[in-house]
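Inspection log for the structure reproduced underneath, given as structure tokens.
The values are calculated or read from the model by the stated rules, or taken from the named source; none is laboratory data. Quick caveat, the model's predicted, so the values are computed rather than measured. Don't worry about glycine lacking a Cβ; one is built from the backbone with ideal geometry, like all the others, and counts go over all protein chains shown.
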Amino acid sequence: MKFLAVCGFGVGSSMILRMSIEKVCRELNLDAEVENTDISSAHGAQCDAIFTSAELQAELQNSDIPVYPIKKYMDLAEVKEAVQKFLEEQK
């Protein structure tokens with residue numbers, strides 16, 4: 001599976017979010033590829049889920065790919081909850 005961590009420019013905060021998602025995936029024993037990217041690139045990307053800020057969620061919600069808002073990118077409990085929600089919705 002492939003996850004995207006998205007921020008406005010695809011450099012700073014999305015990198016932090018990516019690292020948090022990777023930690024959660026290791027903890028959950030998920031085989032997932034996680035990439036960070038900017039909002040423009042995310043529109044055409046092929047992935048299973050997008051994780052981003054609440055501010056960017058609405059702009060990315062126009063596709064068939066589920067989008068999960070994260071408030072605190074370093075909060076592993078919040079990130080884990082979002083990943084688990086994605087997994088639950090895939091059943």
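Couple of notes before you dig in:
Okay, residues lined up against (1) within 12 Å of the chain's Cα centre (by Cα); (2) within 15 Å of Gly8 (Cα to Cα):
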site	(1), (2)
Ala49	yes, no
Glu55	no, yes
Leu60	yes, yes
Ile70	yes, yes
Tyr73	yes, yes
Glu78	yes, no
Leu87	no, no
Gln90	no, no
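This table checks each residue for (1) surrounded by 13 or more Cβ atoms within 10 Å (Cβ to Cβ); (2) outside any helix (DSSP H, G or I); (3) modelled with pLDDT under 95.
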position: Ile16; (1), (2), (3): yes, no, no
position: Met19; (1), (2), (3): yes, no, no
position: Cys25; (1), (2), (3): yes, no, no
position: Asn36; (1), (2), (3): yes, yes, no
position: Cys47; (1), (2), (3): yes, yes, no
position: Phe51; (1), (2), (3): yes, yes, no
position: Glu55; (1), (2), (3): no, no, yes
position: Ile65; (1), (2), (3): yes, yes, yes
position: Tyr68; (1), (2), (3): yes, yes, no
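- The number of residues in the range 70-82 that are assigned to a helix (DSSP H, G or I) and over 14 Å from Val6 (Cβ atoms) comes to 5.
- Against the numbered list (1) closer than 18 Å to Cys25 by Cβ; (2) exposed (fewer than 12 other Cβ atoms within 10 Å of the Cβ); (3) in contact (Cβ under 8 Å) with a residue 12 or more places away in the chain, Ala77 comes up short only at (3).
- Filtered residues of the range 6-63 (kept if in contact with a helix residue (DSSP H, G or I) (Cβ under 7 Å, 6 or more places away or on another chain) and in contact (Cβ under 8 Å) with a residue 60 or more places away in the chain): Ile21
- Ala42 meets the stated requirement of being modelled with pLDDT under 95, buried (at least 18 other Cβ atoms within 10 Å of the Cβ) and not in a loop (DSSP other than H, G, I, E, B).
- Taken together, the residues in the range 14-46 that are in contact with a strand residue (DSSP E or B) (Cβ under 8 Å, 6 or more places away or on another chain), under 16 Å from Met1 (Cβ atoms) and among the charged types (D, E, K, R) amount to 4.
- Members of the range 1-12 found to be surrounded by 14 or more Cβ atoms within 10 Å (Cβ to Cβ) and more than 15 Å from Tyr68 (Cα to Cα), listed by number: Met1, Gly8, Gly10
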